[in-house]
1. Can you give me the ranges of the strands (runs of 3 or more DSSP E) entirely in the stretch A:149-249 with at least 3 residues that are within 14 Å of another protein chain (Cβ to nearest Cβ)?
2. Just for the stretch B:61-85: of the residues that are hydroxyl-bearing (Ser, Thr, Tyr) and over 18 Å from B:GLY150 (Cα atoms), which one is surrounded by the fewest Cβ atoms within 10 Å (Cβ to Cβ)?
3. Of the residues in the stretch A:287-316, how many are among the aliphatic types (A, V, I, L, M) and over 18 Å from A:GLY341 (Cα atoms)?
4. Output yes when any residue across the stretch B:116-129 is within 21 Å of A:SER224 (Cβ to Cβ), facing chain A (nearest Cβ under 9 Å), crowded, with 16+ Cβ neighbours inside 10 Å and at pLDDT below 95, and no when none is.
5. Among residues belonging to the stretch A:305-328 that are surrounded by 15 or more Cβ atoms within 10 Å (Cβ to Cβ) and among the polar types (S, T, N, Q), point out the one that is farthest from the chain's Cα centre (by Cα).
6. Among (1) in a helix (DSSP H, G or I); (2) crowded, with 18+ Cβ neighbours inside 10 Å, where does B:GLY145 come up short?
7. In the stretch A:336-354, what count of residues is obtained for those that are surrounded by fewer than 21 Cβ atoms within 10 Å (Cβ to Cβ) and either modelled with pLDDT under 95 or within 14 Å of another protein chain (Cβ to nearest Cβ) (or both)?
8. If a residue must be in contact with a Lys or Arg (Cβ under 7 Å, 6 or more places away or on another chain) and within 11 Å of chain B (Cβ to nearest Cβ), how many such residues does the stretch A:289-314 contain?
Amino acid sequence: MTISFSRTALLLPLLILAGTAAEAQNAAPTATVIAIPPLATAKNVDTDAGTTTWGLANQISDLIIADLKTTDAFILADVSKVRIPSYPEVTAPAYSQWRSVHAKLLLSGFVNARDDGRLTVGCYVYDVQTGRELARQGFAVSPNEWRRAAHRCADAAYVKASGKTPQFDSRIAYIAESGRPESPTKRLAMMDFDGANHIFLTDEQVTVLTPRWSPKADRIAYVSLTGGAPQVRIADVSSSGDRPLLPPGSVSFAPAFSPDGQRIALTISLNANSDIYALPVDGGGPQRLTASPAIDTSPSYSPDGSRIVFVSDRSGSPQLYVMDSDGSNQRRISFGGGDYGSPAWSPDGERIAFARSQGPLSAVGSMAVDGSNERIVTTGPNDEEPAWSPDGSRIVFQRQDPATRRTALAMVPAAGGEVRSVLTPQGASDPSWAERQE
Amino acid sequence: MRHSKLLLLAAALLSGSAVAEAQVRFPVIIPLGRSQPAPPPGMAPAPMGSPAMLQSDLVMKAGGDTVYFSAHGATLDAIATASLAAQARWLLANPFARVRLEGHGGANDSRDYALAIGDRRANAVRDFLISQGVAPPRISTSSWGKERPGTVRIGTSIVATGPRVVTTVE
């Protein structure tokens, strides 16, 4: 995918955006009214995507709408009585008609067939009230990648309206579960965040656990459990490569990429003592970060890479601790009742998500990085293994139905709210979610 | 009269009880057909067989192949040490057998923590067996975290057995 438009045109709109972002913060949580008419096409021709450019234009606008509906940042303007923009109108909107449907933002665009068989998809975000262009994005994509272009267009609108980072051109890696609960079959799987393009990355022979995306969503660190010997492996999603991170015989688990994608923090058990180490992904010796005789595990980097949150039972029960990424300044941050586990540092660096087990219940929540302001957002018999959405607005986690013992993925707004199911072909656990970059 | 006494003596010598008495009196009786050292008290070696047969023999003679732990514990309580002492005697009686110790976490543990504490529990059992005289190369350890939640049926309900180490003959 390539960006085919000049970015210089963005300079002026960015200044305007600074103002609108401030407004959005003051007005929060008021949603933005956005008009999304069908995309236009210069010439309706057949494509290799199974439909014409006009058909794709409608599918893309439908997908953009579906993406934006998964957040509470937007209210969709009723565009059914508004004239569909012609191709020239994509870059010269008739602002008065969008004002008439009370839209604050307009997202319009086009789909054209290229001579090389690919498609050009362009989309534009306008501030209807001021009559200004806020953003434009263009993509050259193969016909079977039109969904990515739609997700990127949705991201353009989302970023302008919410001030957050993109999240729709993203993938969820997780563990697909099937078979008997006593000895389930567990396979590494990934899909687009909306469930499209689902594929399995490992076979049924080996139990696998805890996939973690690299920051660019091109590699997955995970654990294989051949014969009860946990070992961290690295799967390269684009090349289908898959290799162990450490030499055979070492017991390693709980991997996490550093924000620059260059290092992995993980747990290595040496002489029956689990400690946290970090090492370069592409070769190099592990550096030991913790040395307590207790269990230290589940590292997660802060987004600036300077700190690591982890789990230790040095106090007698599993609790959350934060340290500098060289292992110094270790201090406990969780002091609520019960056991804490599976910490995940938020994309904005402000909070740490966790699972908290107390008696028969297991809750998912988050706390400030100093341990204050703890907030539980879900409670169930088995709500576990939280991960952040790429923009930090939501937490995806696993939830087990106590009756069927089937585990599935669900997501909840990070501030709390309605829990929504994430559909997967089989049972699902251990989610990890990342925005694609290329 | 003299004849009859001789006959009686001969009959007594031929009878089993007389032979047994004679053996008790003469401490030169050597057990035949036995070249291995005697097993520890109360423990006979297993018949040669498949790992599954050896596993059954371990369970039968040591009274079990599984020891249990508290929620965050990796220390052995009295029941566990008694069971493991019997397992160690079985291992000493069967010097050809090798075992893999499979450590498990509990259902309420996080996935990572369950792997760590399963590993810790397996190693606690390993250390104990070595302290009882079992040679370290005969013991390997593993951790299944919470990926193999063992279950037992009690009446109509299924109960997870959770934190435990299972000794598996290889």
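1. On the way: elements: A:170-178, A:185-192, A:208-213, A:219-224, A:231-236, A:242-244.
Those strands (runs of 3 or more DSSP E) span A:170-178, A:185-192, A:208-213, A:219-224.
2. B:THR75
3. Result for the stretch A:287-316: 2.
4. Looking for residues that are within 21 Å of A:SER224 (Cβ to Cβ), facing chain A (nearest Cβ under 9 Å), crowded, with 16+ Cβ neighbours inside 10 Å and at pLDDT below 95, one finds none in the stretch B:116-129, hence no.
5. For the stretch A:305-328, the residue satisfying everything is A:SER317.
6. Of (1) in a helix (DSSP H, G or I); (2) crowded, with 18+ Cβ neighbours inside 10 Å, only one is false for B:GLY145: (1).
7. 3
8. Result for the stretch A:289-314: 2.
The values are calculated or read from the model by the stated rules, or taken from the named source; none is laboratory data. Bear in mind that the values here come from a model prediction, so they are computed numbers and not experimental data. Virtual Cβ from ideal backbone geometry, glycine too; neighbours counted across all protein chains shown.
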